[in-house]
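Read the structure below first, then the notes.
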Amino acid sequence: MAQKPNPFKTLTVFKDSARKAPDAKKGKPVNASDSIEVTLRIRRKKSVDEALKELEKTGKTYSRQQYQQDFGLNDADVEKVEEFAAASGLSVNHTSYSRRSMMLKGTAANISKAFGVSLNYYTPKNKETFRGRSGTIKIPKVLDGIVEGVFGLDNRPQATPKFRIRRNTKIKAHAKSVSYNPNQLATIYDFPAADGTGQTIGILEFGGGHSVKDLQTYFTSLKLPVPVVKSVSVGTGHNSPGGAADDEVMLDIEVAGAVAPKATIVMYYAPNSTKGFIDAITQSVHDDINKPTVISISWGGPETIWTTQAKTNFNEVCKAAALLGVTICLAAGDSGSDDGVGDGKAHVDFPSSSPYVLACGGTKLTASSTKITSEVVWHESNDSATGGGVSEFFPLPDYQTKAKVPASVNSTKFKGRGVPDLAGVADPETGYNVYVDGKKGVIGGTSAVAPLMAGLIARINQLKKTPVGFIQPKIYKATSVFRDITSGDNITTKTGKGYTAGKGWDGCTGLGVADGKKLLGIL
C-alpha cells in the first residue's frame, strides 16, 4: 500500500521571523536530544479591527468567554497544527483557544527540522549560556497564514528591568536628593480616595522574586495593610528571590501595593525571552481565575532588538486586553533617547511603544508636604533619563492625530506612535522608598511609574465599579487633566538626536502628569 505524502514536508520562509545572531560567543550545535518547547501563535477566527472601532465609539468590551467565542481559535486550525506536530515527532503540550497559543514540545533535532533552523549554544561574557539562532524560521506551506508566530527556538535574554537605584555617589552640586513613599505620591498627585478593594493588579516579571517577610516589614512601616500577593508560574518561571532583579520585583509590588493596599496583586513570573514575554502577556490577559483588570510591566528593550513577529504578536495581545477592559501600564525606558543602543539614532523602548499600552515616562519631582514646587523631565545622565520619542515600527494611532506628535528625528522621518502617554516621578534622586532583601533603599526609573499608574487605575476601577480599560482615546481628548511638563529633554545620543519638553504632548513626558481625581472624572 502506497504511503500518503506528507503535507507538511514543503517548507516556506516564515514572514517577519528574521533574527540576528546573538552578541555572544558561538558554541557547539545544540544537543540533538535536548528538549525544547515552542509557542505557536495561531490566527483568530476573525479580525478584531471592527470591535476595536466599536470600543472607541461606544466603550463596548467583551467578557472573557465572549471574546474566546468570537476571536479565539477555530477547531480546523487546531487540528491542522496537531497533524503537523504528529508528523514532525512533536507533542502538543497545551492548547489555549483564548490565548491563541499552542505549545509544542520535542527534541532539538525534531524541532530544528520542523522549523528549518540551526540552533547553537551561545555564551556571553560572564553570563549564562543560552540557545540561539540567526536568519529566518521556516514553516510548512500548508500552515502559512494559520501560524502567526513561533517563539522558543531562541531563548536568549530579551529585556532589562527599567529601574535605577540611588547609588549615594557624588550628586550634582545644585541637586537635592529627596525620596517619597508611594502612598505619599498618591496624595501629591491627587489620586482619588480609594484602596483598591475588589481589584486585581497583574505584574509581569522576568527574573527575581519577592519575600513575604520583606513585604510585611515594608507595609507595616507605612502603617498599611499587607496586600495579598499571589505567584503564578509562566512556563519555567517562578518566584526566585536572591538576585539583582529583586529590586524590580519588590519595587513593583511595594509601589502598586502602597497605592492600592486592598487590591490583590498577582505576580506572573516568566523566563526572560521572547517566548517568556508572549506567554506571560497572554496568560495574564486571559487569566480566567485571577482576572486582572490592570497589568503593570517594567521590563523592555529597544524596538530594534525585537523581531517583527514578536512586536506584532505582543501588540495583538494588547488589542485583546483593550477589548477585555484590561489596562496595561508600561515603563518607557531609563536611558533617554539612546535607549542604550549607542548607534547615534533615537530609539524608543518596546513594549511601551505598542499603541495599546499606557506608556509611562519619567520626571524629577520636588515637593514640600503635598505641594509640588518643581517637576521637570528626568535627565540626570546618559544612563539615567526618561525614555520616549517616536516609534520606528508602529504608525501614529488615531487617538494621537491631534497631539502634534512630530515625525521621528531619525533620517526615516517616520510618523509613528508617540511615547510616552503620561509621566510621573522616576528620578532616583527624587525616588521611591523601598525595602528589598532586608535593606531600605531608594529606587527610581520608569519602572516605578508603571505600578504607580496601575495602582491609580485600580483605585479608579474600584470607584467606577467597572474597569476603565483602554483609556488613551479618552485622555487625548481631555488633556486638561494633565499638568504639562515643559522643562528638560531626554537627549542622550552622541549625535544629539532626541526630544525636548514643550507645550502639549512631547516625547519626554507625553501629555504630562495626571491629576488623579480629574482623570477619574473623564474615564
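The values are calculated or read from the model by the stated rules, or taken from the named source; none is laboratory data. Keep in mind it's a predicted model, so treat the numbers as computed, not measured. Quick reminder, even Gly has a Cβ in these numbers, built from the backbone with ideal geometry, and neighbours come from all protein chains shown. The protein model used for the area step is the full one, side chains on, heavy atoms only, and it has no ligands, DNA or RNA in it. Shrake-Rupley method; radii C 1.70, N 1.55, O 1.52, S 1.80 Å.
Return the only residue of LYS28, LYS45 being closer than 19 Å to THR312 by Cβ, open to solvent by 80 Å² or more (accessible area, probe 1.4 Å), in contact (Cβ under 8 Å) with a residue 12 or more places away in the chain and not in a helix (DSSP H, G or I). Show your work before the answer.
Values: LYS28 fails: closer than 19 Å to THR312 by Cβ.
It is LYS45.
Determine which member of the set ALA244, ALA256 is surrounded by fewer than 15 Cβ atoms within 10 Å (Cβ to Cβ), under 19 Å from TRP299 (Cβ atoms) and among the small types (Gly, Ala, Ser).
Working: ALA256 fails: surrounded by fewer than 15 Cβ atoms within 10 Å (Cβ to Cβ).
Answer to the selection: ALA244.
How many residues are open to solvent by less than 10 Å² (accessible area, probe 1.4 Å) and either closer than 20 Å to ARG164 by Cβ or in contact with a helix residue (DSSP H, G or I) (Cβ under 8 Å, 6 or more places away or on another chain) (or both) when one looks only at region 308-338?
Going through region 308-338, the residues open to solvent by less than 10 Å² (accessible area, probe 1.4 Å) turn out to be 309-310, 313-314, 317-318, 320-323, 325-334, 336-337.
After this cut, where a residue has to be either closer than 20 Å to ARG164 by Cβ or in contact with a helix residue (DSSP H, G or I) (Cβ under 8 Å, 6 or more places away or on another chain) (or both) as well, the list is 310, 313-314, 317-318, 320-323, 326-334, 336-337.
Final tally of qualifying residues: 20.
Would you check if ILE171 is modelled with pLDDT under 95 and over 26 Å from ALA454 (Cβ atoms)?
Working: modelled with pLDDT under 95: yes; over 26 Å from ALA454 (Cβ atoms): yes.
The answer is yes for ILE171.
Inside region 460-474, can you point out the residues that are under 20 Å from the mean Cα position of the chain (by Cα) and open to solvent by less than 20 Å² (accessible area, probe 1.4 Å)? Outline the logic, then answer.
Taking region 460-474 and keeping what is under 20 Å from the mean Cα position of the chain (by Cα), we get 467-473.
Within region 460-474, GLY469, ILE471, GLN472, PRO473 qualify.
Report every pair of residues separated by at least 6 positions or lying on different chains whose Cβ atoms are under 7 Å apart, first residue within region 142-167 and closer than 13 Å to THR307 by Cβ, second open to solvent by 50 Å² or more (accessible area, probe 1.4 Å).
Note: pairs meeting the criteria are GLU148/ARG43; GLY152/GLU37.
Consider only pairs whose beta carbons are under 8 Å apart and that are at least six residues apart or on different chains; among these, list those whose first residue lies in region 197-225 and is surrounded by 13 or more Cβ atoms within 10 Å (Cβ to Cβ) and whose second residue is modelled with pLDDT under 95 and assigned to a helix (DSSP H, G or I).
Note: no pairs meet the criteria.
Given the conditions (1) over 24 Å from LYS127 (Cα atoms); (2) in contact (Cβ under 8 Å) with a residue 24 or more places away in the chain; (3) open to solvent by 40 Å² or more (accessible area, probe 1.4 Å), which single one is not true for LEU251?
All conditions pass for LEU251, except number (3).
So, in region 90-124, of the ones that are in a helix (DSSP H, G or I) and either out of contact with any strand residue (DSSP E or B) (no Cβ under 7 Å at 6 or more places or on another chain) or open to solvent by 10 Å² or more (accessible area, probe 1.4 Å) (or both), which residue ends up farthest from PHE8 (Cα to Cα)? Reasoning before the result, please.
Applying the first criterion (in a helix (DSSP H, G or I)) to region 90-124 yields 108-115.
In the following step, the residues that additionally are either out of contact with any strand residue (DSSP E or B) (no Cβ under 7 Å at 6 or more places or on another chain) or open to solvent by 10 Å² or more (accessible area, probe 1.4 Å) (or both) were identified as 109-110, 112-114.
Details: ALA109: 16, ASN110: 13, SER112: 14, LYS113: 11, ALA114: 9 Å.
Once the filter is applied, the top-ranked residue is ALA109.
Only one of (1) crowded, with 24+ Cβ neighbours inside 10 Å; (2) touching a Leu at 6+ places or on another chain (Cβ under 9 Å) is not met by ASP506, so which one is it?
Going through (1) crowded, with 24+ Cβ neighbours inside 10 Å; (2) touching a Leu at 6+ places or on another chain (Cβ under 9 Å) one by one, ASP506 breaks only (2).
Taking region 174-193 as the search range and keeping residues that are aliphatic (A, V, I, L, M) and open to solvent by less than 40 Å² (accessible area, probe 1.4 Å), which one is modelled with the lowest pLDDT?
We begin by selecting, within region 174-193, every residue aliphatic (A, V, I, L, M); these are 175, 178, 185-186, 188, 193.
Filter again for open to solvent by less than 40 Å² (accessible area, probe 1.4 Å), leaving 175, 178, 185-186, 188.
On the way: ALA175: 48, VAL178: 89, LEU185: 97, ALA186: 98, ILE188: 97.
Top of the filtered list is ALA175.
Return yes when TYR499 is aromatic (Phe, Trp, Tyr) and open to solvent by 30 Å² or more (accessible area, probe 1.4 Å) and no when it is not. Steps first, please.
Values: aromatic (Phe, Trp, Tyr): yes; open to solvent by 30 Å² or more (accessible area, probe 1.4 Å): no.
It is false that TYR499 is aromatic (Phe, Trp, Tyr) and open to solvent by 30 Å² or more (accessible area, probe 1.4 Å).
Out of the residues in region 132-149 that are part of a loop (DSSP other than H, G, I, E, B) and not β-branched (Val, Ile, Thr), which is least open to solvent (accessible area, probe 1.4 Å)? Can you show your working first?
If we filter region 132-149 for residues that are part of a loop (DSSP other than H, G, I, E, B), which is where we start, we get 133-134, 136-137, 145-146.
Then keep just the ones that are not β-branched (Val, Ile, Thr); that gives 133-134, 145.
Working: ARG133: 10, SER134: 66, GLY145: 40 Å².
Ranking the qualifying residues of region 132-149, first place goes to ARG133.
Whether any residue in region 274-288 is touching a strand residue (DSSP E or B) at 6+ places or on another chain (Cβ under 7 Å), open to solvent by 20 Å² or more (accessible area, probe 1.4 Å) and assigned to a strand (DSSP E or B) is what I want to check.
There is no residue in region 274-288 that is touching a strand residue (DSSP E or B) at 6+ places or on another chain (Cβ under 7 Å), open to solvent by 20 Å² or more (accessible area, probe 1.4 Å) and assigned to a strand (DSSP E or B).
Residue-wise test of (1) among the acidic types (Asp, Glu); (2) within 22 Å of the chain's Cα centre (by Cα); (3) under 26 Å from ALA85 (Cβ atoms).
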{"site": "ASN31", "(1), (2), (3)": "no, no, yes"}
{"site": "ILE36", "(1), (2), (3)": "no, no, yes"}
{"site": "THR39", "(1), (2), (3)": "no, yes, yes"}
{"site": "ILE42", "(1), (2), (3)": "no, yes, yes"}
{"site": "LYS46", "(1), (2), (3)": "no, no, yes"}
{"site": "LEU52", "(1), (2), (3)": "no, yes, no"}
{"site": "GLY59", "(1), (2), (3)": "no, no, no"}
{"site": "ARG64", "(1), (2), (3)": "no, yes, no"}
{"site": "GLN69", "(1), (2), (3)": "no, no, yes"}
